[in-house]
Amino acid sequence: MNILEKIVQHKRIEVAEAKKGISVDELKEKSLFNRTCYSLRESVLDLDRNGIIAEFKRASPSKGIINDRSDVSEIAKAYEQNHVSAISVLTDSEFFKGTLDDLVAVREAVKIPVLRKEFIVDPFQITEAKAYGADIILLIAACLSSKEIKEFSAYAKKIGLNVLLEIHNEEELKDNKFDTIDAIGVNNRNLIDFSVSIQHSLDLASLIPVQYIKVSESGISDPDTIKLLKNEGFQAFLIGENFMKTEDPAQAIQDFVKHI
Ligand SMILES: O=P(O)(O)OC[C@@H](O)[C@@H](O)c1c[nH]c2ccccc12
């Protein structure tokens, strides 16, 4: 079994457990569920913002612990002060050491779109995302059928969330061009062997229809890469490790944005 299959298998068990603890109706009664979400598109197109989707990431299956010292609210505020377009929060605990509490903390700390970075395999997690403060959900094409992507994205839109679809290749793009998707992200990291290449983004850029916000994800560590990706039409850039692995992520984002 590859790592992605392991994560998804574990996720299905976790979701079954979570469902025993709370019902969809109870999730919908939570105060954060009843809220108008910030628009990812508006934030990315806002000229006062820089297109970065900055991620709070404690650990990953490829790197192990990245940062277990930083305070989630402080980092979120530092990201916002440095004009990022959105903040991504890992909520997977088993492989990334994140929690839904992290998501709530970020929601309470900032007034920009927040992405629940999660392996979504069940609509329950979409209701949960809204109930715990997210504005955006991630759907990973490698984990879902085209039918699921269509249905899950329609449900997310229905409850007012923005949808980011993550793809790795042309096939996944071709099969999933739904109008319930707001943004398409090309993951430069292969989720099976963890190899990273910006070339994935460069190769797929021109194939992504203009109706979608174009996002390049993972392995971005050099401001010059942002310039290159912008030239190819990318509007948003998902960056985690480059900030989180430093002694002072708040300082790291400040230094980075000076050069883009
Ligand atoms: O830390 P990086 O290399 O800057 O990458 C951030 C983000 O793109 C990455 O965490 C990610 C992209 N897609 C995912 C799906 C699940 C978990 C994590 C991810």
Q) With the dipole of segment 1-127 worked out from charges on the C-beta (+1 for Lys and Arg, -1 for Asp and Glu) around the Cα centre, which of 75, 62, 105 lies farthest toward the positive end? A) 62
Q) With respect to the cross-link table entries 117/157; 20/177; 19/77; 11/77; 28/157, which display a Cα-Cα separation exceeding 23 Å? A) 20/177; 19/77; 11/77
Q: Taking 7 Å along the Cα-to-C-beta vector as the label spot, tell me the residue 254-residue 47 distance in nanometres, rounded to one decimal.
A: 2.7 nm
Q: Tally up the carbon and sulfur contribution to the accessible surface of the chain as a whole percent, 1.4 Å probe, everything protein left in place.
A: 48 percent
Q. Build a GNM of the chain with springs between Cα atoms under 10 Å: which of 230, 157, 147 gets the top mean-square fluctuation?
A. 147
(Q) Accessible area per residue for the chain in Å², computed with a 1.4 Å probe and the full protein assembly in place, what is it? (A) 44 Å²
Q: Identify all aspartates and glutamates with a Cα-Cα distance to residue 97 below 12 Å; exclude those on the same chain that are fewer than 8 residues away in sequence.
A: 68, 118
Q.
For a quick check, take a GNM of the chain with Cα springs below 10 Å and name the residue from 119, 178, 237 with the largest mean-square fluctuation.
A. 178
Q | Structure-based [θ]222 nm, the chain - -39500 (n - 2.57) summed over DSSP H runs of at least 4, per residue, nearest 500 | A | -11500 deg cm²/dmol
Q | Dipole magnitude (debye, nearest 20) for segment 3-257, charges at Cβ of Lys, Arg, Asp, Glu | A | 440 debye
**Q.** Accessible heavy-atom area order of 73, 195, 85, highest first, probe of 1.4 Å
**A.** 195, 73, 85
Q) Based on the alpha-carbon gyration tensor of the chain and its eigenvalue square roots a ≥ b ≥ c, which shape applies: rounded if a/c is under 1.5, prolate if not and a/b is larger than b/c, or oblate? A) rounded
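The values are calculated or read from the model by the stated rules, or taken from the named source; none is laboratory data. These numbers come from a predicted model, not from an experiment. Cβ coordinates were reconstructed from backbone atoms using ideal geometry, including for glycine residues, and neighbour counts include every protein chain displayed. When the accessible area is computed, the model is the full protein with side chains, heavy atoms only, and any ligands, DNA or RNA have been set aside. Shrake-Rupley method; radii C 1.70, N 1.55, O 1.52, S 1.80 Å.
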